[in-house]
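S.K.: Take a look at this one; I'll ask things after.
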Amino acid sequence: MDYKEEQQNEIDALESIYCGEMIISSTEPYYQFEIPIKSDEFDSDQHDIGLSCCLKFEYVEKYPDDPPIVEIEDVVGFEEQEDELKEYLIQQAQDNVGMVMIFTLVSAAQEWMNNYSDSEKQRKIDDDDKRREKEMEAELKRFEGTKVTVESFLRWKFNFEEDMGVLKKRNEDEKNKKLTGRELFMTDKSLNESDLKFLEEGDSVKVDESLFEEIDDLDIGDAGSSDES
């Protein structure tokens, strides 16, 4: 097999597929090049959305009968899983020995990133669901009754009676406040119904004082004698 020719043919095909994205950094002694990839939902303006990285490849003398050298750089969104992706790509390369494989490796990396991104989104959804469930359970526990024992009942009874004593004293204090004349009149149990009715008809009664100006002129004694006769 003419390895140089096989490698050159693949480079030509890759430049056509990844036009404007693939960068060749060296051609001697073997091709070195890099191809940037990103997950489907990656947003370059918001680095917390999606994943991205740059795959760097280097041919070896007997590529494709020997796997290429693979490196991963400029990782965004899965820094802690970078080694996991690299191991995955190395395994994919071993599985494809004997065939040109760069496009296959790039596609495998792209698929891995999409799967990882989807699993992370689902994990966040699950975590949010669990958090809300715990919050709901905690809220429900606030309304659950506690088991009643003799000790807890006596403690409740003592606190209740104390609270009621305070409430009773407060009510007595309210009652002992100075009442208005009308309030005193209304609370007087000795009043008969005619008094109450009279009060309801008006708060004051106008008295004609002139009726009593000449009270001394009245002969009350004579009137009494006349009645007896």
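S.K.: Which of (1) touching a Phe, Trp or Tyr at 6+ places or on another chain (Cβ under 7 Å); (2) surrounded by 12 or more Cβ atoms within 10 Å (Cβ to Cβ) is the odd one out, the single condition Thr27 does not satisfy?
M.R.: Condition not satisfied by Thr27: (1).
S.K.: Looking at Asp95, Asp40, which one is open to solvent by 80 Å² or more (accessible area, probe 1.4 Å), modelled with pLDDT under 95 and not β-branched (Val, Ile, Thr)?
M.R.: None of the other options fit; the residue is Asp40.
S.K.: While we're on this one: Please go through (1) at pLDDT 95 or above; (2) acidic (Asp, Glu); (3) part of a loop (DSSP other than H, G, I, E, B) for Glu28 and return the number of the only condition it doesn't satisfy.
M.R.: Of (1) at pLDDT 95 or above; (2) acidic (Asp, Glu); (3) part of a loop (DSSP other than H, G, I, E, B), only one is false for Glu28: (1).
S.K.: Looking at the stretch 69-97, I want the residues that are within 18 Å of Glu120 (Cβ to Cβ) and have a partner that is open to solvent by 100 Å² or more (accessible area, probe 1.4 Å) and at pLDDT below 95 with Cβ atoms under 6 Å, at least 6 apart or on another chain. Which pairs are those?
M.R.: Matching pairs, first to second residue: Val76/His47.
S.K.: Report yes if Val106 is assigned to a helix (DSSP H, G or I) and among the β-branched types (Val, Ile, Thr), otherwise no.
M.R.: yes
S.K.: Another question, if that's okay. So, in the stretch 23-59, exactly how many residues are in contact with a Leu (Cβ under 7 Å, 6 or more places away or on another chain) and either farther than 15 Å from Val70 by Cα or β-branched (Val, Ile, Thr) (or both)?
M.R.: Number of matching residues: 5.
S.K.: Does the stretch 48-92 hold any residues that are assigned to a loop (DSSP other than H, G, I, E, B), open to solvent by 70 Å² or more (accessible area, probe 1.4 Å) and at pLDDT below 95, and which are they?
M.R.: The one that is assigned to a loop (DSSP other than H, G, I, E, B), open to solvent by 70 Å² or more (accessible area, probe 1.4 Å) and at pLDDT below 95: Asp48.
S.K.: OK, next. Six or more apart or on different chains, Cβ under 8 Å: which pairs go from a residue in the stretch 134-147 that's part of a loop (DSSP other than H, G, I, E, B) to one that's at pLDDT 75 or above? Could you list them?
M.R.: If the second residue must be at pLDDT 75 or above, the pairs left are Thr146/Ser152.
The values are calculated or read from the model by the stated rules, or taken from the named source; none is laboratory data. Note that the structure is a prediction, hence the values are computed from the model and not measured. Note: ideal-geometry Cβ built from the backbone for every residue, glycine included; neighbour counts use all protein chains shown. The area values use the complete protein model at the heavy-atom level, side chains included, leaving out ligands, DNA and RNA. Shrake-Rupley method; radii C 1.70, N 1.55, O 1.52, S 1.80 Å.
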